[in-house]
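Asker: What follows is a single structure, and I will ask about it in a moment.
Rule-based calculations on the coordinates, nothing more; no lab input. Keep in mind that what you see is a predicted model, and the values were worked out from it rather than measured. Here the Cβ is made from the backbone with ideal geometry for all residues, glycine too, and neighbour counts use every protein chain on show.
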Amino acid sequence: MTETAKPWTQPMPEAQFARMREILAAPSPVGLEGAMTYGVLKPYLESFAPQGWHIHQFLGHAGIVLDTHPGQDEMFTAMVVGHADKIRLQVRSIGEDGKVWVDSDSFLPGTLIGHEVVLFSEDPESPGQYRRLEGGTVEALGAIHFAEEAVRRGDKGVKKEQLYLELQIHGEEKKKQVEALGIRPGDPILLDRPIRRGFSPDTFYGAYLDNGLGCFVTAEAARLVAEAGGPRNIRLLFAMASYEEIGRFGSRVFAGELEPDALIAVDVNQDYAAAPGVSDKRFQPLAMGEGFTFSCGAIASEQLNAVIQRVAGEQGIPFQRDVAGRDTGTDGMAGVLASVDCAAASIGMPIRNMHTISEAGHTGDVLAATHAVAATLQDLDGRDDGTGRLREALRDGHPRLDQAEGLSHQCSR
């Protein structure tokens, strides 16, 4: 493959960008992920899956798993996981003046002010059916004229308890007007901002890159593997999980049910190099546009990381080394949380402004992650002959620091 032919060095094709936009736009708040998994991802996976591949569905949540060898539990099994759930606001209560008070979930309150949202109201007459309400904005202070002086100066911020949805309700009995719409506590609210291409080359921005991007990469890696003929010796599971934002519950169900031998989580990561006010914290300077990331530490398997690094290096796919500490913060923890013995890895794509309406990413990083995942899976497939050889290699191949070679100063002259 020539340098100019490498997809991660080129602009993402418009058809592929449109597919990414469709996945990220699907309204899939925590607990209601079916719009992304069933509405967008399942039909796409079915469009290229060879005969014999199977999509698993589940009772307790709307996660899905594309399985290349259903029922063949004796095969070495590798799972790739993105998560479809989005953080959301929720209706908390309705005020007498028509204000719809909301919980901010995992958003910074100040990042929400003035943004348009969509409220999904469950029909009280038909539980389980939802209506879509547009035209509202998130507010907290109303106008600068009503804010205390410390807030005007910027010395004091907005508290989450101040957030409300402005529906422009007026007239008599404002609370009853809202209640007549069927709006009730618990109804989810999503930011209304689809992604679009950014100002700088190969960039894009919008809401909910976290973590429709992981699902997009997982689906695109599945397509690449299918187009290459599919795995011959190992079983692959391409998973779109739920509940990650509240504790990685969906992915641990996947791991518990399907018991993979290896698990690769795909999620967004931070662009620490551009993050405001963090330079003195000495984070690893991960940067948007410099390739995908892989985590070291926590439960990350050094053996699986070695494969990812080697394969990426052989194909010229740019990557960055991240530090996980005691928790990857991603679905990479699914196996150990489900008490399943598997080699785990966590890869990501650096983005800016995470958990805001203006998250920003680089298509080159997304394509680098996609091709790195596909190449890693194909490499694992090539290392197994169907006899358990790869499982044995992982069991016996753990690095031994007592066998580490001595290292002396490398003269720069």
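Asker: How would W101, W53 line up from fewest to most surrounding beta-carbon atoms within 10 angstrom?
Answerer: Numbers: W101 15, W53 19.
Starting with the residue having the fewest Cβ neighbours, the order is W101, W53.
Asker: Follow-up question, since we're still on this one. When Lys and Arg each count +1 and Asp and Glu each count -1, what net charge do the other residues less than 9 Å away from P318, Cβ to Cβ, add up to? Present the calculation step by step, with values, prior to reporting the outcome.
Answerer: Details: positive: none; negative: E290, D365.
In short, -2.
Asker: Take peptides 366-372, 348-354 and line them up by average Cβ neighbours within 10 Å, highest first, as a rough protection proxy. If you can, show how the numbers build up before the last one.
Answerer: Numbers: 366-372: 27.4, 348-354: 24.0.
The densest-packed peptide leads the list: 366-372, 348-354.
Asker: Any aspartates and glutamates with Cα under 16 Å of the K174 Cα? List them, leaving off those in the same chain fewer than 8 positions away.
Answerer: Excluding near neighbours in sequence, the set is E96, D97, E166.
Asker: Let me ask something additional. Give me the distance in nm between label points sitting 7 Å out from Cα along the Cα-to-Cβ direction at L108 and S93, one decimal.
Answerer: For the pair L108/S93, the computed spacing is 2.8 nm.
Asker: How far is helix 249-258 tilted, in degrees, relative to the longest principal axis of the Cα atoms in the chain, given as a value from 0 to 90 rounded to the nearest 10?
Answerer: Roughly 30 degrees, rounded to the nearest 10.
Asker: Between the stretch 1-79 and the stretch 225-243, what is the separation of their alpha carbon centroids in Å?
Answerer: The stretch 1-79 and the stretch 225-243 have Cα centres spaced 9 Å from each other.
Asker: For a quick protection proxy, order the peptides 77-88, 176-187, 321-332, 289-300 by their average other-Cβ count within 10 Å, most packed first.
Answerer: On the way: 77-88: 28.3, 176-187: 15.6, 321-332: 19.2, 289-300: 21.3.
So the order, starting with the most tightly packed, is 77-88, 289-300, 321-332, 176-187.
Asker: Taking the highest mean first, how do the peptides 233-245, 132-144 order by number of other beta carbon atoms within 10 angstrom per residue? Please report the intermediate quantities before stating the final value.
Answerer: Numbers: 233-245: 26.5, 132-144: 14.7.
Highest to lowest by the protection proxy: 233-245, 132-144.
Asker: Can you tell me the dipole magnitude for the chain around its Cα centre, using point charges on the Cβ only (Lys, Arg +1; Asp, Glu -1), in Debye to the nearest 20? Numbers along the way, then the final one.
Answerer: Working: 39 positive and 58 negative charges, 138 e Å.
Computed about the Cα centre, the dipole is about 660 debye.
Asker: What angle, in degrees between 0 and 90 and rounded to the nearest 10, separates the Cα long axis of helix 14-25 from the longest principal axis of the Cα atoms of the chain?
Answerer: On a 0 to 90 degree scale, this one is about 60.
Asker: About the Cα centre of the stretch 119-212, how large is the charge dipole given +1 on each Lys and Arg Cβ and -1 on each Asp and Glu Cβ? Please answer in debye to the nearest 20.
Answerer: Values: 14 positive and 17 negative charges, 56 e Å.
It comes to approximately 260 debye.
Asker: Right, next: Pick from F120, F17, F146: which is most flexible by mean-square fluctuation in a GNM of the chain where alpha carbon atoms under 10 Å apart are linked?
Answerer: With Cα springs under 10 Å in the chain, the top fluctuation among F120, F17, F146 is at F146.
Asker: Projected onto the charge dipole of the stretch 195-260 (+1 at Lys/Arg Cβ, -1 at Asp/Glu Cβ, origin at the Cα centre), which of G212, G247, S200 gives the Cα projection farthest towards the positive end?
Answerer: Of the options given, the answer is S200.
Asker: Leaving out same-chain residues fewer than 8 places away, which lysines sit with a Cα under 25 Å from that of K175?
Answerer: Filter leaves K99, K159, K160.
Asker: Still on this structure: Determine the sum of side-chain charges near R131: Lys and Arg each +1, Asp and Glu each -1, restricted to other residues whose C-beta is under 11 angstrom from that of R131. Show your work: numbers first, answer last.
Answerer: Details: positive: R132; negative: E122, D123, E125, E134, D187.
Neighbourhood net charge equals -4.
Asker: Rounded to the nearest 500 deg cm²/dmol, what is the calculated helix-only ellipticity per residue at 222 nm for the chain, with -39500 (n - 2.57) per DSSP H run of length n ≥ 4?
Answerer: On the way: 10 runs with 106 residues, N = 413.
So the calculated ellipticity at 222 nm is -7500 deg cm²/dmol.
Asker: Convert each backbone phi in the stretch 83-97 into a coupling constant with the Karplus relation 6.51 cos²θ - 1.76 cosθ + 1.60 (shift: θ = phi - 60°), then list the ³J(HN,Hα) values in order as whole Hz, x for Gly and Pro.
Answerer: The phi angles translate into 10, 8, 6, 10, 5, 8, 8, 9, 5, 9, 6, 10, x, 4, 8 Hz.
Asker: May I pose another question? Hey, what angle do you get for helix 209-227 against the long axis of the chain, alpha-carbon based, 0 to 90 degrees rounded to 10?
Answerer: That helix lies at roughly 40 degrees to the long axis.
Asker: Quote the relative contact order of the chain in percent (integer), defining contacts as alpha-carbon pairs under 8 Å separated by 6+ residues.
Answerer: Values: 875 pairs, mean separation 87.0, N = 413.
Contact order relative to length: 21 percent.
Asker: Suppose each label sits 7 Å from its Cα in the direction of the beta carbon; what would the E46-E392 distance come out to in nanometres?
Answerer: 4.1
Asker: What is the sum of charges around M79, taking Lys and Arg as +1, Asp and Glu as -1, for the other residues whose C-beta is under 10 Å from the C-beta of M79?
Answerer: Details: positive: R235; negative: D67, E259, D261, D331.
Every neighbour counted, the sum reads -3.
Asker: The stretch 121-156 to the stretch 348-413: how many Å between their Cα centroids?
Answerer: 43
Asker: What is the set of long-range amide H partners of G31 at a cut-off below 5 Å, with H atoms built 1.01 Å from backbone N?
Answerer: Those qualifying (amide H under 5 Å, at least 5 residues apart or on another chain) are Y243.
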